[in-house]
1. Looking only at the stretch 288-315, count how many residues are outside any helix (DSSP H, G or I) and outside the structural domain of Gln387 (by TED's automatic domain parsing).
2. With respect to Ala235, is the statement that it is under 20 Å from the mean Cα position of the chain (by Cα), touching a residue at least 24 places away in the same chain (Cβ under 8 Å) and in a strand (DSSP E or B) true?
3. Would it be correct to say that Gln18 is modelled with pLDDT under 95 and closer than 23 Å to Ile175 by Cα?
4. Restrict the check to the stretch 324-332 and report whether at least one residue is over 26 Å from Gln194 (Cα atoms) and either acidic (Asp, Glu) or surrounded by 17 or more Cβ atoms within 10 Å (Cβ to Cβ) (or both).
5. Being basic (Lys, Arg), free of Cβ contacts under 8 Å to residues at least 40 places away in the same chain and surrounded by fewer than 24 Cβ atoms within 10 Å (Cβ to Cβ) is true for just one of Arg249, Arg223, Arg201. Which residue is that?
6. So which of Arg298, Arg241 ends up being in contact (Cβ under 8 Å) with a residue 12 or more places away in the chain, closer than 30 Å to Leu57 by Cα and surrounded by fewer than 24 Cβ atoms within 10 Å (Cβ to Cβ)?
7. Please work out which one of (1) out of contact with any Phe, Trp or Tyr (no Cβ under 9 Å at 6 or more places or on another chain); (2) surrounded by fewer than 21 Cβ atoms within 10 Å (Cβ to Cβ) is the condition Gln193 fails and give its number.
8. Which of the residues spanning the stretch 91-136 are farther than 22 Å from Asn240 by Cα, touching a residue at least 40 places away in the same chain (Cβ under 8 Å) and in contact with an Asp or Glu (Cβ under 9 Å, 6 or more places away or on another chain)?
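The values are calculated or read from the model by the stated rules, or taken from the named source; none is laboratory data. Please read these numbers as outputs of a predicted model, since none were measured by experiment. Glycine gets a Cβ as well: all are built from the backbone with ideal geometry, and neighbour counts include every protein chain shown.
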Amino acid sequence: MIASLLMPCVLATAGLQQPDTAAGITEASRSIERALTTVFAGRGRGEQAPERQLFLLVDATESLRKSTFQEQLSDMLERFEARLARTRIGLGRVGHRGVVVVEPTLDHDRVLRAVTGELAKPSGAIQNVYADLRTLAPKLSGKPGRREILLVTLDNGDAEDDLEATASLCAKLDIAVTALTSESYLADCYWRQQGAGQAPRGTTMTGGDNPFVDLPYGWLFQRTHVNEVTPSGHACYGINRVVSKTGGRVFLYAPRSDTKHRCSHHDPCLFCNGDHIPAGESYMSGRMADIAPTVASRKQAYKDAAKDPCTRDVLVAWRDAAKNGLLRSSPPLRLASTSAKPERNRGGRLLPMFTLGFKRNAAKADKAGKQCDRILGRLTERLESVQRHDRSRANAELTRLLLQITRVNLALYAGWCRETAPGLVARDPEHPLPPEQLAVNLDRRPVGVSFTSMCLCHGVKPFLRAELPGGESVREELEELDAMWTRFMERYAHTPYAVAAHRAGLARFHLTYVGVVAKAKRKKPKSRGEDEPETEKPRNRPKRGASSGSSAGPTTGGN
């Protein structure tokens, strides 16, 4: 490595040139062996073992206990015994009072025994790893040789406090922080929706791979937030920030899984039995580098967002779509002419059109379709003037694609309300009932409308051959979506943005009945639209660690 050839005075961690994005610090490998090999082998060359101080800061959770970390640690200590002859290794545990379990020592077997003991007592609590880093860092201050901390956390990192103070302290003390962690989700919006009710005292729950949620979520007629089920290919932002500022590396770990690929996360796939793996869902490092998230401070990220035309265009389209009932979320930033400030999620009210007033609902869908066309046209026009390809451009392209998917769903709903729904509530229906209603007691009266999701895992073309309500207007919108989809996949296949597009879906509508889907008593609508069906949300904290594959293997497409 070039850094090892420089003069010692230039080797200070605080003086290292920091990467601009997470691509500069993230290793493609998904194995514990690779991480421990890199850390224990060290940077020096030659026969003489370098003097080092290394703290293992271990987050002892059930996920880590079930991994091969303990076995791999034992093997690596034996394999690099000569190389580690002058390396004092200490052990700290995340969440442990005082953090330190074993002070740095040359007795590596003692450290291994301590790791075994700590993993035998796993914790399921949400932990603040940054406070423990600040506690541990001064204990290495002034120690001879290279000073390093290996943070091992598969479940935490999204509870933040004083993130910049943590990164600055480690850099000031010349301590390189390397992380072995799990993959985050793309622009994860979970904590922005749920709030920080589960957060440890004094922390803010964040998550996601970027300093702020930079993708709109909560689209009309979608059964899931694609942000929450798309592996990002990077660690969460807080870990990336500390590692980048201290000159370390990030190693992502994903356990091997025999679980079959799921085309749809909610409803059965229309075109296969669910074991189909779409082309373009294995991540390629070259393409990932183009769309990697920033590792700049949040303060700097807000300034950059205000100057970036694609980010500004996405935020404007986001706010406009939410105002017109196409989204249930609000933008995370409020833009000024030259600055941006964070803004809490105020939620949004989706269009209230899930009642039995089919004629009125069709008219609402038509009107919303015109608003969607207007937002789409403006975003498309703005994108034509931007030539570069980076994360903000990818966000804008995916937002445009999701807007067009919403446009198709609005046309489908208008067609269903005009062509299909009236016959379903007639005394003598002209057409047989669809399969999802065969088990319904026909004496019960319908009380509303709901939908299932026909995922786009197979792309758009199969739907052009399917019989759908809406006739020619739906076909025109589908053809436009297919052309947009093809261009999008040419650019973003083998990145998280392709996976996010696959997780979106076209809506298939059906009636709801008392005691079957809807409740007998109508409730006055509040933040949501009138009788609007809930999209599925995780009831518990989502577990990080879904493998995106990268160039090292195929994707699983999320947990």
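1. The initial filter retains those residues of the stretch 288-315 that are outside any helix (DSSP H, G or I), namely 291-297, 308.
Subsequent filtering for residues that are outside the structural domain of Gln387 (by TED's automatic domain parsing) retains 291-297.
The qualifying residues number 7.
2. Numbers: under 20 Å from the mean Cα position of the chain (by Cα): yes; touching a residue at least 24 places away in the same chain (Cβ under 8 Å): yes; in a strand (DSSP E or B): no.
Here the answer is no, as Ala235 does not meet what is asked.
3. Details: modelled with pLDDT under 95: yes; closer than 23 Å to Ile175 by Cα: yes.
Yes; evaluated as a whole, the condition is true for this residue.
4. Within the stretch 324-332, the first condition is being over 26 Å from Gln194 (Cα atoms), and the residues that meet it are none.
No.
5. Arg201
6. Values: Arg241 fails: surrounded by fewer than 24 Cβ atoms within 10 Å (Cβ to Cβ).
Every option except Arg298 fails the conditions.
7. Gln193 satisfies all of (1) out of contact with any Phe, Trp or Tyr (no Cβ under 9 Å at 6 or more places or on another chain); (2) surrounded by fewer than 21 Cβ atoms within 10 Å (Cβ to Cβ) except (1).
8. Pro122, Ser123, Gly124
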